[in-house]
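Accompanying notes for the structure given below.
The values are calculated or read from the model by the stated rules, or taken from the named source; none is laboratory data. Since this is a predicted model, take the numbers as computed values, not measurements. Here the Cβ positions follow ideal geometry from the backbone for every residue, glycine too, while neighbour counts run over all protein chains shown.
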Amino acid sequence: MTVAPKSEDYDVVVIGAGPAGLAAAATSAEAGLSTLLLDENIGPGGQVFRAISSTPVTDRNQLGADYWVGADLVQALRASGAEVIHRATVWSLDRNLEIAVSIGGASAFVKAKRVILATGALERPFPIPGWTLPGVMTAGAAQTMLKSSALVPDGRTVIAGQGPLLWLLAAQILRLGGRIDRILDTTERRNYLAALPHAFAFLTSPYFAKGLSMMREVKAKVQVVSGVTELSAAGDGLLASVSYVAGRKRETIPADLLLLHQGVVPNVNLAMAAGVEHHWDDLQLCWSPVLDASGNSPVAGIAIAGDGAGIGGANAAVVRGRIAARAAVDALAPAAAAKLPAIATLRADLAKAERGRVFLDTLFRPAPQFRIPSGDTIVCRCEEVTAKDVLDSVAIGATGPNQLKAYRRTGMGPCQGRLCGLTVTELIAQARGKSPQEIGYYRLRAPVKPITLAELAAVPKTEADVKAVVRG
Amino acid sequence: MTRNVDAIVVGGGIHGCSTALHLCLAGLKPVLIEKDYAGRHASGVNAGGVRQLARHVPEIPLSIRSMGIWEKISDLLDDNCSFESHGQVLVAEDEEELAICRARVAELNALGFTHEELIDATELRRLVPAVAETCPGGVVSRRDGAANPAQTTTAFRRKAEQLGATVREGVAASNIRYSDGLWHVDVGTDSYAAPVLVNAAGAWAGRIAAALGEAVPVETVAPMLMITSRVPHFIDPVVILRGRKLSFKQFKSGTVLIGGGHLATPDQDRNETVLDWKSLATSAQTVFELFPVMRSATIVRAWAGIEARMKDDLPVFGPSSRHKGLYHQFGFSLHGFQLGPGAGAVMAELIVNGGTQTRVSDLGIDRFHPSTL
């Protein structure tokens, strides 16, 4: 069933129903603000709690206790009275807080007094030779299939990369009886040393014990190769083998499926299209929005919570969602704020949830050779542009990602830079001897997700436009 | 430190870049000053139409001059600018519109211009098979076409630099003043001095003119464009409508560009625009009606470039009416891209020779301020 928004105006519109969005919408609605939660998926949960209301995986141990925390958040949301619409794709947000959303093939416009963006994270591009071959996919995509349909790999499977999600996915696949032939760990050896000063905070974080036991669980069942410094996929139109170098030894193994993952980065498209300024985070190697302590962006009325505000993980996302909603309540209905948890409590919760993050960011900072490709390796999948193509264009005057569009159409395809943007920025920065901050990012534009011409044509027009018959 | 050059060009759009290049070809050493980067605004993000069709009569000579350069653009720039010449077609949607087209072509013929040609329904269908069958004809300008605007503007900039122009990007020209027979302009901590100053600053040019005592009726506008995902090839010429606001073009890649002059809200001090989706929806509906093949195409991006529009829709082009050595080249009012190559050539002639064979006298700033020189 397709449901359009009940109103054209809301106090708060929350975009995204992952941990941050669920918590933000529930907090806002509980405080009595008219609240609309728009989410692209068929049910609540985002990626972390994907299919939390519908997963066929019912043995709680298989997906782990952290996953089922999502059920409590969904319950709180349902009790809060927030209006929730799923399969709702927000395709435009501007600095006037005008939101365009596509629901069931029809677009509606709503206006908000405050917008809380909780659009989460994307997997970092992993542009190695052969990464576009059928048979190579991201770990996140594999996890989506696992959570929503209990699908696990049964062919010869290699997982390559690094980061907490990689180990979580490996554990989940194994628990569900899936096959993993080898794990290629690309964590740089020098990162262990660099992360050491931050280890104490991590030791006292909730992630430590869980992470360690999960790695042990996986290592007991799968051959793990650490210190991988080169990686490529090969095959004739289909993945056939994976090659890697570890400790100066090159090995090639046959494979039907290669799952790649080297961490997640903020999903910036909607925020950037709305005019929110972002800066380069040199530790997390990604763009992060400029925000105050409550998640408010420089665009009046737009706040960002969750991993879209900078990667912090699910626990931090929940608290950031509450803090952003609390700021909205303070602004719109100060009297109702008394009922909410004190801001000092929320900030303490956040500090706890973020403990150990620097350790993880330092340890799992991806190596340059896996971020900045060379030669014939594809950078932009939509337009099939290679690293060499990019460098050739830089040599004749493409000084940044936006200039590069004119030469190679990078970032102009359907993905709007999601799969190439970071690579292009870092590649140009390296070639020109500048920082990514100086090079900048694509100027992103609505529609943030494509809509059909027919759908746009059906949007109600303003009277002035219907009357306008003068050609400009 | 003050550096002496032969000319200072303010503005790195296609006009400033073209003028800088043509000054180099004439043996001068200009500096080009651009506050962002060349092609950042309207010149880099417009629809790329290379159109003589449906122009105001006073700018037709400049347009024709420009067309000659476009047709040999690779020779000039060592870059083809993705220029393609498949004609531009103006579609009349009914008999009344066709009658207006007929009168227009007759008017141009009487003035000696032959680039616009009246076509009937059969020829329209031959040129644009996908157009709705109810359209009775229109006008074609067969040498017209389209180019990639960012590629073109960048190519002008690059060639100008190769030929000796100094290009300063990322810092705005400031403190523009005239003293001791020279124009002085600051760029950050540097200063440039030259006997010639060209004001080609697009949406920002009106402020420069006003500060020099030559205010003109100009506003800042941001015409919106949107582009679709790739669809099978179905149209070659650029299509514009006689009545409704629409321009329409399919690229070689299959993507379709939809424009026509609906306006976004510009914020030129922030380099930003806020799109008006309800107006874009009007464009979408027009395409929906005229080109049924487009209905399931997806819109992947919409944007707007910031530029200057004159109250009388004509550019301000030529020498200042108050100051020696000052030249204006702005206010192209949503149709300046095609004029860029020719305008640069003519501007260089005005500067170097003091005159030109191309008739541009109706475009001068003296239409607002009688000359005091």
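The figures follow:
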| item | result |
| --- | --- |
| Residues satisfying the stated conditions in the stretch B:174-199, i.e. within 20 Å of B:S18 (Cβ to Cβ) and small (G, A, S) | B:A194 |
| Verdict on B:R309 being among the charged types (D, E, K, R), within 25 Å of A:R408 (Cα to Cα), in contact (Cβ under 8 Å) with a residue 24 or more places away in the chain and outside any helix (DSSP H, G or I) | no |
| Subset of the stretch B:268-292 that is at the interface with chain A (Cβ under 8 Å from one of its Cβ atoms) and small (G, A, S) - its residue that is nearest to B:P232 (Cα to Cα) | B:A284 |
| Single residue of the stretch A:379-394 satisfying the filter (touching a helix residue (DSSP H, G or I) at 6+ places or on another chain (Cβ under 8 Å) and hydrophobic (A, V, I, L, M, F, W, C)) that is farthest from the other protein chains (Cβ to nearest Cβ) | A:A387 |
| Options B:Q88, B:Q52: the member that is among the polar types (S, T, N, Q) and within 14 Å of another protein chain (Cβ to nearest Cβ) | B:Q88 |
| Answer residue from the stretch B:7-27, given it is part of a loop (DSSP other than H, G, I, E, B) and touching a helix residue (DSSP H, G or I) at 6+ places or on another chain (Cβ under 7 Å) and is farthest from the other protein chains (Cβ to nearest Cβ) among those | B:A26 |
| Matching option when the condition is surrounded by fewer than 23 Cβ atoms within 10 Å (Cβ to Cβ), out of contact with any Leu (no Cβ under 8 Å at 6 or more places or on another chain) and not β-branched (V, I, T), among A:L391, A:L363 | A:L363 |
| A:V265, sole failed condition from (1) touching a strand residue (DSSP E or B) at 6+ places or on another chain (Cβ under 9 Å); (2) more than 24 Å from A:R443 (Cα to Cα) | (2) |
| Members of the stretch B:261-293 found to be of a type in the set (A, V, I, L, M) and in a loop (DSSP other than H, G, I, E, B), listed by number | B:L275 |
| Residues satisfying the stated conditions in the stretch B:203-220, i.e. of a type outside the set (D, E, K, R) and surrounded by fewer than 20 Cβ atoms within 10 Å (Cβ to Cβ) | B:A210, B:A211, B:L212, B:G213, B:A215, B:P217, B:T220 |
| Single unsatisfied condition, B:I258 versus (1) part of a strand (DSSP E or B); (2) surrounded by fewer than 20 Cβ atoms within 10 Å (Cβ to Cβ) | (2) |
| Yes/no for B:I119 being surrounded by fewer than 17 Cβ atoms within 10 Å (Cβ to Cβ), touching a residue at least 12 places away in the same chain (Cβ under 8 Å) and outside any loop (DSSP other than H, G, I, E, B) | no |
| Test: residue in the stretch B:25-35 that is closer than 19 Å to B:L77 by Cα, touching a Ser or Thr at 6+ places or on another chain (Cβ under 9 Å) and β-branched (V, I, T) | yes |
| Residue that is modelled with the lowest pLDDT [pool: residues in the stretch B:232-245 that are at the interface with chain A (Cβ under 10 Å from one of its Cβ atoms) and in contact with a strand residue (DSSP E or B) (Cβ under 6 Å, 6 or more places away or on another chain)] | B:R242 |
| Residue in the stretch B:153-164 that is among the polar types (S, T, N, Q), under 26 Å from B:G305 (Cβ atoms), surrounded by 24 or more Cβ atoms within 10 Å (Cβ to Cβ) and within 14 Å of chain A (Cβ to nearest Cβ) present | yes |
| Members of the stretch A:170-192 found to be at pLDDT 95 or above and among the hydroxyl-bearing types (S, T, Y), listed by number | A:T186, A:T187 |
| Residue ID - farthest from A:L36 (Cα to Cα), chosen from residues in the stretch A:50-85 that are assigned to a helix (DSSP H, G or I) and of a type in the set (G, A, S) | A:A65 |
| The listed residue being under 23 Å from A:L422 (Cβ atoms), modelled with pLDDT under 95 and within 26 Å of the chain's Cα centre (by Cα), out of A:A195, A:A209, A:A201 | A:A195 |
| Tally, over the stretch B:42-95, of residues that are of a type outside the set (S, T, Y) and assigned to a helix (DSSP H, G or I) | 20 |
| Residue match in the stretch A:128-144 (condition: in contact with a Lys or Arg (Cβ under 6 Å, 6 or more places away or on another chain) and modelled with pLDDT of 95 or more) | yes |
| Residues of the stretch B:261-300 that turn out to be on the phi > 0 side of the Ramachandran plot and buried (at least 22 other Cβ atoms within 10 Å of the Cβ), as a count | 1 |
| From the options A:L391, A:L360, residue that is under 30 Å from A:A317 (Cβ atoms) and part of a helix (DSSP H, G or I) | A:L360 |
| Hits in the stretch A:252-275 - residues which are within 17 Å of the chain's Cα centre (by Cα), surrounded by fewer than 24 Cβ atoms within 10 Å (Cβ to Cβ) and under 14 Å from A:I304 (Cβ atoms) | A:N267, A:N269, A:M272, A:A273 |
| When residues of the stretch B:190-231 are limited to those that are within 14 Å of another protein chain (Cβ to nearest Cβ) and among the hydroxyl-bearing types (S, T, Y), the one nearest to B:L263 (Cα to Cα) | B:T228 |
| Answer residue from the stretch B:310-319, given it is buried (at least 23 other Cβ atoms within 10 Å of the Cβ) and of a type outside the set (V, I, T) and is nearest to the other protein chains (Cβ to nearest Cβ) among those | B:P315 |
| Filter result for the condition that a residue is buried (at least 18 other Cβ atoms within 10 Å of the Cβ), more than 14 Å from chain B (Cβ to nearest Cβ) and hydrophobic (A, V, I, L, M, F, W, C), over A:L340, A:L404, A:L444 | A:L340 |
| Criterion: surrounded by 21 or more Cβ atoms within 10 Å (Cβ to Cβ) and under 30 Å from A:S213 (Cβ atoms) - qualifying residue of A:L77, A:L22, A:L36, A:L93 | A:L22 |
| So A:G421, is it within 20 Å of the chain's Cα centre (by Cα), facing chain B (nearest Cβ under 10 Å) and buried (at least 20 other Cβ atoms within 10 Å of the Cβ) | no |
| Sole exception among (1) touching a Pro at 6+ places or on another chain (Cβ under 8 Å); (2) surrounded by fewer than 17 Cβ atoms within 10 Å (Cβ to Cβ) for A:D72, by number | (1) |
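Yes or no, residue by residue, for (1) in a strand (DSSP E or B); (2) away from chain B (no Cβ under 14 Å); (3) surrounded by 23 or more Cβ atoms within 10 Å (Cβ to Cβ):
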{"residue": "A:K111", "(1), (2), (3)": "yes, no, no"}
{"residue": "A:R114", "(1), (2), (3)": "yes, yes, yes"}
{"residue": "A:G130", "(1), (2), (3)": "no, yes, no"}
{"residue": "A:L133", "(1), (2), (3)": "no, yes, no"}
